[in-house]
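S.K.: I have a structure here, written as structure tokens, and I will follow up with some questions on it.
The values are calculated or read from the model by the stated rules, or taken from the named source; none is laboratory data. All values derive from a computational prediction rather than experimental measurement. Counting neighbours? That spans all protein chains shown, and the Cβs are built from the backbone with ideal geometry, glycine included. Quick note on the areas: whole protein, heavy atoms, side chains included, nothing else; ligands and nucleic acids left out. Shrake-Rupley method; radii C 1.70, N 1.55, O 1.52, S 1.80 Å.
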Amino acid sequence: METAAQSAPSDLNDYKPSREEIIANILHVLSSSTEISPLLCRYDWGRRQAEEGNTTTSFCWDPFLSFAESMPDIDSGVVTHHSSFLRNWLIQLTNMGGIGKEDMMKIRNSFLDTSRKNKLLNGNNNKPSDDLLWQAGLNLLKSHLFPDVESDTDDDDNAGSHSSMDPILPHELLLVVTDSYYCNDDDLEMGELAAIIEVGMSPSEQVYRLPSSIAMFFLRTLLISRVLESAEESISDSRISSKPVRWRRLKSMVDDTLSLFQRMLFDYAGKAIDNFEYGRQPKSLKLYPVEPDHVISIATWMYTNHLFPSCRDLLWVLLRNNTDKSNGTGASGVKILETCYDSFRMLTSLLALDVAVVDQEYTAPSRCLQWVLKRMDSQSTSDFFDRVKSAQKEITHKDGSHDSMQDDGEEMYCPWNDKDPGFNGRGLSLEEDLLLYPSIRKKHDNSDKASSATFYDEMGIAVIAYWKLKAETDSASLALDPLPYPYCGSYRWTLLFPHVITFLCGSRASSTIKRMDELECLSMSDGYLLGINFTIISLGFDMLQTLITKTPAIRPMSCCTKTQNPIVQWAHSSPGLEPIISILFSHVVRISYLEASTENEPPSEANIALKYSSLEVMKMTQTLLGFYNPAIQIHTLSTVCHLIMTNQDRVLLPKALDFMRPIIMGMCTNIQQYNDDTIALDDMAIMQTISEVLGIFLSDLHYAFRDSTSSLPTDIDEFMSFAETYSSVFAIIRLQRIWIVRCQGAVEEELIGDREALELFYGTVKWMDVSLSKLQSFDSSLARLIDVWERSEDRPTNWHRLFLMKLALQDALTQPDE
């Protein structure tokens, strides 16, 4: 049986391959049979002084030398046509010269026939150079995508052959590009940047040629952007010729382009991470490995300048068609909305990768962040986001509710599936909506059917919040606009503060990194990523430190019920505060361990992980708590204490309990204001919550000596692990008794008139009487234990903590003065 190659006609004039076949051959040859491309990038090498005084190498790279003449300007006021960019770029690259017409025609003709292509590439010592293959391939690609462009390599016989062929349809071109990637394993060989060595070239400014893998990333992204633009243009053509429009296919094409771009991004970024070593210095200027920064920069520039605008323009038409009630053939409105939000999600994924996989110093916003913010702030994106929200409201109003997008019983919060018809709490702009997303999602996650999955990548949103906060204090030098000035300080807190916890969670907070790990594009245990993880966590501490010390106008509301916005209420309540206090406590333990383990290490190694000391983090935690009213503080500490007892190191319990003491001391000064029923009732409720928290520890304390035949605790290790915690409990009880004594005087003076407040007060007094009776019994058992261990050699090494516990207990049992 003859193969396709064997049966191919020998005379090319008799064989007319389709445009799809030709373009498929071109993409296959360029990706599989070349190593170096004609695309250029530039490094600017410099010298800088590190803080330690060591001289190190630094550089800034420009990957877009090959695009200089064709570079589009985002929203200059004129609609950017991406096919024009691709056209101009191909013309620019194919006019390099230096290749004979005969050689060019020979290579070009080999792309038209499989047998000739194989013979050309596999011939002994006659394989064309990479430059020849690229120039011939791009020249032929230009001819078939833009037949009207004159080519000086076309001979007289074939000059009009391209224009006489049937045009390639957008969905067919997309299929060709997609297959050229998914069906070609050779693409994943990254290659290296190759220096162009010229006489007189300054070593501080080196020009490199990009490897074919990265050049193909460029080319495929340009082609799929062209596909979507052509698909949009085909709609008007179909209407003019009275042909049916395949609306569902158009929507699927957007999905397929986003999926292909994401997969290329994940694969290339993962390969770059595999080839990169954290903290290493370049060894040679002649060959330089592709870094994660190269891939993320290219991907972000291509997406913000080309793919996203193409997706946006086609989706706009799909949304407009869906609102036409007379048309029943369109794609589902909810499905279109999902794709719209998918296009926004990619922006957050790119920013997350810029943080999680790129080794950088955060002295200024990265180029990736600037490109994304410029695209988000553009008028076209603002109009598109408004159109998406408008369509979402129309669909919600028309359908009553959205179709459920989950089949497993869990409900991940999805912006397009927001069941609030009024969109309460949603942002007016895309940037504002993204900044609110973590609060909206976490409020949603309080429901019974909650999922830990996130739609947007919250790491990418957090880096926007980080630089917006920096711009609050230094917008001029950063060349970055702060949040709009009409936003009040409490609303700025709503937009910025919730992102601190994202950084403190490290790279595991990135849904993009998790997805790449699931696809085995990278490993979250990779040494390079673990090194960057320290930097990510430090960004959270930097952000919190800035909020505490440099932005006094940005603070939570004194009472979260002052606003009707449910998202703002959540962000200023204890549920919004509890997670970050909990993770700050966990970092105190982690940093304390690192401080102990790095005492004998060189300072440079210890400083990698210890930008902030455990004492500094604990101080920030206490200051942060103080920004909230006492009721929120107590409810937060109550929840955190429960979490510490079950999930974390109990060494933090004494400190968590100590945070309650300033609150009680403040309540003691409030007593003279208890004629105000609101103040009295609030304080009584707070004291009741404190008593409930202490009751957990007192219950354990009561059973510590339940064996009456022994002077020793039932579980010695358990008892000693709580020694400092019990001392803190006794100190709080002493302050409670002082408050009770002073409140009794206020009651006698009839200063407290609210009946509910009085009931709560008497309940606290009754609880205290019961607790003190148990503590009297415990005091006797503790005295016997101390006596036994003073006379015994078989005792715990930390038994001396019992003396501190004894002193604290005696203070608690002593009747305080009025």
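S.K.: Go through Lys117/Lys142; Lys16/Lys117; Lys335/Lys443; Lys16/Lys106; Lys335/Lys442 and tell me which ones have a Cα-Cα distance over 22 Å in this structure.
M.R.: Lys335/Lys443; Lys335/Lys442, as the Cα separations exceed 22 Å there.
S.K.: Shifting gears a bit: What figure in square angstrom, to the nearest 10, would you give for the accessible area of Asp237 with a 1.4 Å probe?
M.R.: In the full protein context, Asp237 sits at about 90 Å².
S.K.: To the nearest 10 square angstrom, what accessible area does Lys243 show with a 1.4 Å probe?
M.R.: Using a 1.4 Å probe on the heavy atoms, I get roughly 130 Å².
S.K.: Please give, to one decimal in nm, the separation of the simple spin-label points placed at Ala364 and Thr473, each 7 Å out from Cα toward the Cβ.
M.R.: Result for the modelled spin labels: 2.0 nm.
S.K.: Here's a follow-up. Which sequence of Arg246, Arg742, Arg345 reflects their accessible areas, 1.4 Å probe, from the largest down?
M.R.: Arg246, Arg742, Arg345
S.K.: For region 618-776, build the convex hull from the C-alpha positions and give me its volume per residue in Å³.
M.R.: Convex hull of Cα atoms, per residue: 109 Å³.
S.K.: Got a number for the accessible area of Met190? Probe 1.4 Å, square angstrom, nearest 10.
M.R.: Surface accessible to solvent at Met190 totals approximately 10 Å².
S.K.: Set the Förster distance to 22 Å, then compute FRET efficiency between Thr678 and Val741 from the Cβ-Cβ distance, nearest 0.05. Before the final figure, lay out the partial values.
M.R.: Numbers: r = 23 Å, r/R0 = 1.05.
After rounding, the FRET efficiency stands at 0.45.
S.K.: For Ser558, Ser390, write out the residues from largest to smallest accessible area, computed with a 1.4 angstrom probe and no ligands counted.
M.R.: Per-residue accessible area, sorted high to low, gives Ser558, Ser390.
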